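Below is one structure, written out as structure tokens; the observations come after it.
The values are calculated or read from the model by the stated rules, or taken from the named source; none is laboratory data. Treat the numbers as computed from the prediction; the structure is a model and nothing was measured. Quick reminder, even Gly has a Cβ in these numbers, built from the backbone with ideal geometry, and neighbours come from all protein chains shown.
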Amino acid sequence: VPDLFMPHGLGHLMGVDTHDVGGIPVGVEKYKTLRMNRKLLQHMCLTVEPGCYFIPALLETAFKDENKAKHLNEAKLRGMYTFGGVRIEDDLFVTHDGMRLMTNVPRTVKEIEAVMSGMDFPISDSDYPILRQP
């Protein structure tokens with residue numbers, strides 16, 4: 001059922017190409033919607049991009065499958081068809097002791113409301129838990 005709402009995978013390597021190859025080395029188990037299944041190494045760049053989409057073509061098929069349909073609220077989901085979906089993407093650089101967040105956009109309600117009211121970003125009293133790099 002999760003594949004119905006997040007068919008694009010959770011992230012991928014970045015490099016010369018936007019969707020760089022090498023996310024699943026030879027001999028490592030592949031999963032249908034997982035584009036990367038490998039140990040992260042220092043200096044790698046990757047995306048983390050959870051999202052939720054309401055794609056009629058996928059959902060219509062699921063409504064007809066009793067194993068999936070029993071987990072779905074068809075009326076509520078049909079009401080989301082015009083919404084489309086949302087994806088939150090972060091770009092990360094792997095360091096020797098963790099990672100550096102390269103994405104610098106408003107994420108929290110506080111930040112989004114501040115920017116929408118005309119404040120400069122980043123805001124000085126951000127409540128986002130991950131340190132952003134300039």
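Listing for the model above:
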| quantity | calculated |
| --- | --- |
| Members of segment 43-60 found to be touching a strand residue (DSSP E or B) at 6+ places or on another chain (Cβ under 9 Å) and either exposed (fewer than 10 other Cβ atoms within 10 Å of the Cβ) or charged (D, E, K, R) (or both), listed by number | H43, E49 |
| Yes/no for S117 being among the hydroxyl-bearing types (S, T, Y) and free of Cβ contacts under 8 Å to residues at least 12 places away in the same chain | yes |
| Some residue of segment 14-32 being in contact with a Cys (Cβ under 6 Å, 6 or more places away or on another chain), more than 30 Å from K76 (Cβ to Cβ) and either surrounded by 14 or more Cβ atoms within 10 Å (Cβ to Cβ) or at pLDDT below 85 (or both) | yes |
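Table: residues versus (1) in contact (Cβ under 8 Å) with a residue 12 or more places away in the chain; (2) aromatic (F, W, Y); (3) surrounded by 13 or more Cβ atoms within 10 Å (Cβ to Cβ).
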| position | (1), (2), (3) |
| --- | --- |
| A62 | yes, no, yes |
| E66 | no, no, no |
| L77 | yes, no, yes |
| M80 | yes, no, yes |
| G85 | yes, no, yes |
| D90 | yes, no, yes |
| T95 | yes, no, no |
| T103 | yes, no, yes |
